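The values are calculated or read from the model by the stated rules, or taken from the named source; none is laboratory data. These numbers were taken from a predicted model, which means no experiment stands behind them. Here the Cβ is made from the backbone with ideal geometry for all residues, glycine too, and neighbour counts use every protein chain on show. In case anyone asks, the SASA skips ligands and DNA or RNA and just uses the protein heavy atoms, side chains included. Shrake-Rupley method; radii C 1.70, N 1.55, O 1.52, S 1.80 Å.
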Amino acid sequence: MIIIPNFIVFEGGDGSGTSTQMNLLRRRFSPSMPVLHSTAEPTEGPVGRLIRKALGGKLPLRAETLARLFSADRQEHLYGPGGIAEHCGRGELVLCDRYVLSSLVYQGITCGEELPLVLNRDFPGPELLFFFDVDPDIAAKRLENRAEKEIFEHRDFQVQVRRRYRELLPWYTGEGVKTVIIDASQSPEKVEEDVWRWIEKMPIFKEEMKNSEKEI
Ligand code: TMP
């Protein structure tokens, strides 16, 4: 698998706190650090908006159609204008909430393993991937207060999601992606500390330090 340097992905079941962590991490970045571009899938683009409708139950689609939409959204997100490849190419650090593994896990459950594998096999991998591991009951409690429920937010489904992530992580590691399992049942602050410890070890931080030393 081709790996994109400086590309980080957050993965986990619904309610595992990936979006909260994105917001907390954004605040860590100062002007002397690498430039951070944070993004998410499904995207805010036209395909992503269609996906959100389907996730909200407002657009009934076959599971296979949804699998294809996720990979089409990803194609644009990676290679379209202002996409992941463009930002990484400029030497920025890109942090993405969900990516290929979400399709292999979620669509693997709804459509069987084959289709998401075929649809996603050509996408490059991230340098670093965090799996936010949390008991589905704790995750469900976090989602209780949300006004709108999405189609995958059911306990039985989330139990399968967690199992599938754990099964697929070693495969992803074997493909050359550095994967880190985070105990996401901890407080958001503790989770953030754990995540930051890995991010600050990335080579891009050392390079940035060297550059700023040169400027002095
Ligand atoms: P979230 O980003 O708000 O957590 O929700 C996105 C939902 O879409 C979540 O249930 C996971 C699901 N999803 C897939 O099923 N396949 C995918 O490829 C992606 C990116 C997300």
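Rounded to the nearest 10 degrees, the angle from helix 155-174 to the longest Cα principal axis of the chain is 40 degrees.
Among the listed pairs LYS53/LYS141; LYS58/LYS190; LYS141/LYS206; LYS53/LYS190, those with a Cα-Cα distance over 32 Å are LYS58/LYS190; LYS141/LYS206; LYS53/LYS190. To the nearest ten degrees, helix 63-79 and the longest principal axis of the Cα atoms of the chain are 20 degrees apart.
Per the Kirkwood formula on distinct C-alpha pairs, the Rh of the chain is how many angstrom? Its Kirkwood hydrodynamic radius stands at 17.9 Å. Against the chain, whose longest principal axis is taken from its Cα atoms, helix 46-55 shows a tilt of about 50°.
Probing with 1.4 Å while keeping every protein chain in the model, the per residue accessible area of region 1-75 equals 49 Å².
Surface listing: GLU64, GLU11 arranged by accessible area from highest to lowest gives GLU64, GLU11, probe 1.4 Å.
Computed over region 62-216, relative contact order equals 23 percent, with contacts defined as Cα pairs under 8 Å that lie 6+ residues apart. Ordered from largest to smallest accessible area (heavy atoms of protein chains, 1.4 Å probe), the residues HIS154, HIS37, HIS77 come out as HIS154, HIS37, HIS77. Mean-square fluctuations from a GNM of the chain, with a 10 angstrom spring cutoff on Cα atoms, peak among PHE130, PHE70, PHE157 at PHE157. Accessible surface of LYS190, taken over heavy atoms with a 1.4 Å probe and every protein chain present, rounds to 80 Å². Checking every one of the trypsin sites (Lys or Arg not before Pro) in region 77-145 against DSSP loop status and a limit of 14 other Cβ atoms within 10 Å picks out ARG90, ARG121. Ligands, DNA and RNA excluded, the heavy atoms of THR65 present near 60 Å² of accessible surface to a 1.4 Å solvent probe.
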